[in-house]
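J.: Following this message is one structure expressed as structure tokens.
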Amino acid sequence: MTAINSDEIVSTIDPAGCNCDDCLRGVSVPLHRADAGQLNALLDGRLANATGLDLSDIEAVLDAL
């Protein structure tokens with residue numbers, strides 16, 4: 001069985017605390033639940049940023065976790 005990369009399923013990182021339908025279905029993930037691979041993909045621009053945070057301000061991003 002081939003392992004599935006978590007950032008291949010998720011398309012968007014949502015704000016911390018989000019509990020929307022997309023997060024419940026696994027299409028999006030709230031920022032506080034994102035794993036290291038998803039955070040890396042977010043910072044690289046491979047996942048959409050719906051967090052409401054400016055990713056260039058890494059302190060704000062880390063504070064939101």
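J.: Quick one: how many residues across the range 27-51 are surrounded by fewer than 11 Cβ atoms within 10 Å (Cβ to Cβ) and part of a loop (DSSP other than H, G, I, E, B)?
T.: 1
J.: Among the small types (Gly, Ala, Ser) and either closer than 13 Å to Ile9 by Cα or touching a Cys at 6+ places or on another chain (Cβ under 7 Å) (or both): which single residue out of Ser28, Ser56 fits that description?
T.: So the residue among Ser28, Ser56 that is among the small types (Gly, Ala, Ser) and either closer than 13 Å to Ile9 by Cα or touching a Cys at 6+ places or on another chain (Cβ under 7 Å) (or both) is Ser28.
J.: Something else now. Name the single residue that is nearest to Leu31 (Cα to Cα) among those in the range 52-65 being assigned to a loop (DSSP other than H, G, I, E, B) and among the aliphatic types (A, V, I, L, M).
T.: Initially, the range 52-65 is screened for residues assigned to a loop (DSSP other than H, G, I, E, B), giving 52-57, 65.
Filter again for among the aliphatic types (A, V, I, L, M), leaving 53, 55, 65.
Values: Leu53: 10, Leu55: 12, Leu65: 6 Å.
Filtering the range 52-65 for residues that are assigned to a loop (DSSP other than H, G, I, E, B) and among the aliphatic types (A, V, I, L, M), the one nearest to Leu31 (Cα to Cα) comes out as Leu65.
All of the numbers you see were taken from the coordinates with simple rules; none came from a lab. Worth saying up front: this structure is predicted, and the values here are computed from it rather than measured. Cβ coordinates were reconstructed from backbone atoms using ideal geometry, including for glycine residues, and neighbour counts include every protein chain displayed.
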